[in-house]
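This report concerns only the one structure given below.
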Amino acid sequence: FIVALIVALVFGLGYLVKLCRRLLPLLAGERRYPRFAYLAALDRLSEVGRERRRGESRERHGERLASDLPSLPALTRGHLARAFGSPTAPDTKTFRQLVGALSTELRRLPLARRLLGLLDPYSWLRTR
């Protein structure tokens with residue numbers, strides 16, 4: 001019984017962190033939304049096995065996945081522009097549109113892969 005309880009707690013903790021990371025963009029203010037939305041997008045990519053490789057830049061990651069996820073390079077550029085304070089950085093509304101486009105593209109990936117990713121409580125650990 002104790003072992004089952006520990007296993008349940010370990011899984012529950014993973015799912016709780018995963019849920020918090022997914023909800024963080026909704027709870028963040030307008031100013032911090034892009035940062036947390038980009039992190040949540042990377043978590044979703046990790047869920048479906050499309051995480052960044054070791055040593056791979058964010059830009060290269062976006063380019064590598066552009067054939068399946070064409071909005072990812074623009075989302076990545078927008079995130080980096082905002083992170084470095086570029087005057088050409090997209091506003092929050094534009095960033096929301098890019099996140100929405102990526103969500104639509106992710107829904108086109110195989111359902112089985114997406115469901116398996118949802119079942120993994122620690123997929124967020126692969127996010128870089």
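Structure summary
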{"item": "Cβ-derived FRET efficiency at R0 30 Å, Gln97 paired with Glu63, nearest 0.05", "result": "0.90"}
{"item": "Solvent exposure, largest accessible area first (probe 1.4 Å, DNA, RNA and ligands not counted), of Phe95, Phe36, Phe1, Phe84", "result": "Phe1, Phe84, Phe36, Phe95"}
{"item": "Semi-axes of the equivalent ellipsoid for region 11-126, Cα gyration tensor, largest first, Å", "result": "22, 17, 13"}
{"item": "Dipole moment magnitude, nearest 20 debye, the chain about Cα centre, only Lys, Arg, Asp, Glu C-beta charged", "result": "140 debye"}
{"item": "Cβ-based net charge around Arg82, under 15 Å, with every Lys or Arg adding one and every Asp or Glu removing one", "result": "+4"}
{"item": "Reciprocal mean inverse distance between Cα atoms of region 62-124 - Kirkwood radius, Å", "result": "13.0 Å"}
{"item": "Distance-filtered residues of region 29-66 - backbone nitrogen under 16 Å, label point 7 angstrom along Leu119 Cα→Cβ", "result": "47-49"}
{"item": "Within-13-Å neighbourhood charge of Leu109 [Cβ basis; K, R +1; D, E -1]", "result": "+3"}
{"item": "Probe 1.4 Å - accessible area at Leu23, Å² to nearest ten", "result": "70 Å²"}
{"item": "Per residue solvent-accessible surface (Å²) - the chain, probe of 1.4 Å", "result": "61 Å²"}
{"item": "Within the accessible area of the chain (1.4 Å probe), percent carbon and sulfur", "result": "63 percent"}
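The values are calculated or read from the model by the stated rules, or taken from the named source; none is laboratory data. Fair warning: this is a prediction, and the values are worked out from it, not measured in the lab. Methodologically, a virtual Cβ is constructed for each residue, glycine included, from the backbone with ideal geometry; neighbour enumeration extends over all protein chains shown. We work out accessible area using only protein heavy atoms, side chains counted, and drop any ligands, DNA or RNA first. Shrake-Rupley method; radii C 1.70, N 1.55, O 1.52, S 1.80 Å.
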